[in-house]
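Asks: Please read through the structure below; I'll follow up with questions.
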Amino acid sequence: MQVAVPGLCLLLTACGGNMEDPKIELNPHPKMRYAVTVTFENAPGPFDSIEASVDYSVTDYSCVPEQPMSGARILPGKHLDLELRQVNATTYETEVYVDRLKDDDFFSKGICHWSEVSFSAIARRGRMTFMTPLPNFKYPAASTEVRYFSFSAYQRSTTDMLNTGNRDRNAYPDSSKTFSIRVDAKEMH
């Protein structure tokens, strides 16, 4: 059975489909730098991979056009993977620039300003993903986030799951059978 798709595409665009994505560039001279340390404590074994990333979003709706029909304004966002350097068996480091993306007039409606909205430390074992998110850095202060995970979740590596753990180790029935992923972000001068 065939369906008339051209009209459907036009309808989806008119109802708020994807407008042209802005050409996002890196700021050639970022200044607001953070040193970020990711520390694993009491992990019951190794991980298949350990990664870090940062997400940015435009902060001001006034620089973004309204979607046709719906009138909604969709703020552009950008995800960047970061390079982690292993310091020792349990500690990794990276750096994040809060002002890493270049502010620009993407839609001829004024300058769009970017803000760092979240850093994530991610450890994978099989299909289980352990993530410690650190919401936007409190520039120019230091920020810390610790998440606890159960040993039993580590053992369930065949389970396809994004596990963000718990901020309270005592929330688990046996708090001695937990490990943590800690993220510390500190402003650098």
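The values are calculated or read from the model by the stated rules, or taken from the named source; none is laboratory data. Not measured: the values here are computed from a predicted model. Reconstructed Cβ throughout: ideal geometry from the backbone, glycine too, with neighbour counts over all protein chains shown.
Asks: Just for the stretch 100-135: of the residues that are over 19 Å from the mean Cα position of the chain (by Cα) and not charged (D, E, K, R), which one is farthest from Thr178 (Cα to Cα)?
Replies: Ser108
Residues checked against (1) part of a loop (DSSP other than H, G, I, E, B); (2) over 23 Å from Asn136 (Cβ atoms); (3) at pLDDT 90 or above:
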site: Leu11; (1), (2), (3): no, yes, no
site: Ile24; (1), (2), (3): yes, no, yes
site: Tyr56; (1), (2), (3): no, no, yes
site: Leu75; (1), (2), (3): yes, no, yes
site: Asn88; (1), (2), (3): yes, yes, yes
site: Glu93; (1), (2), (3): no, no, yes
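Asks: Out of everything in the stretch 153-170 that is within 27 Å of Ala142 (Cβ to Cβ) and under 25 Å from the mean Cα position of the chain (by Cα), what residue ends up being surrounded by the most Cβ atoms within 10 Å (Cβ to Cβ)?
Replies: Checked the stretch 153-170; the qualifying residue surrounded by the most Cβ atoms within 10 Å (Cβ to Cβ) is Gly165.
Asks: Note down all Cβ pairs under 6 Å where the first residue falls in the stretch 26-44 and is among the aromatic types (Phe, Trp, Tyr), the second is buried (at least 16 other Cβ atoms within 10 Å of the Cβ) and part of a loop (DSSP other than H, G, I, E, B), and they're at least six residues apart or on different chains.
Replies: Cβ pairs passing all conditions: Tyr34/Phe137.
Asks: Could you go through the stretch 58-70 and let me know if any residue there is hydroxyl-bearing (Ser, Thr, Tyr), surrounded by fewer than 16 Cβ atoms within 10 Å (Cβ to Cβ) and either modelled with pLDDT of 95 or more or in contact with a Phe, Trp or Tyr (Cβ under 8 Å, 6 or more places away or on another chain) (or both).
Replies: Within the stretch 58-70, one or more residues are hydroxyl-bearing (Ser, Thr, Tyr), surrounded by fewer than 16 Cβ atoms within 10 Å (Cβ to Cβ) and either modelled with pLDDT of 95 or more or in contact with a Phe, Trp or Tyr (Cβ under 8 Å, 6 or more places away or on another chain) (or both).
Asks: Here's something else I'd like to know. State the number of residues belonging to the stretch 102-147 that are in a loop (DSSP other than H, G, I, E, B), modelled with pLDDT of 90 or more and among the aromatic types (Phe, Trp, Tyr).
Replies: 2
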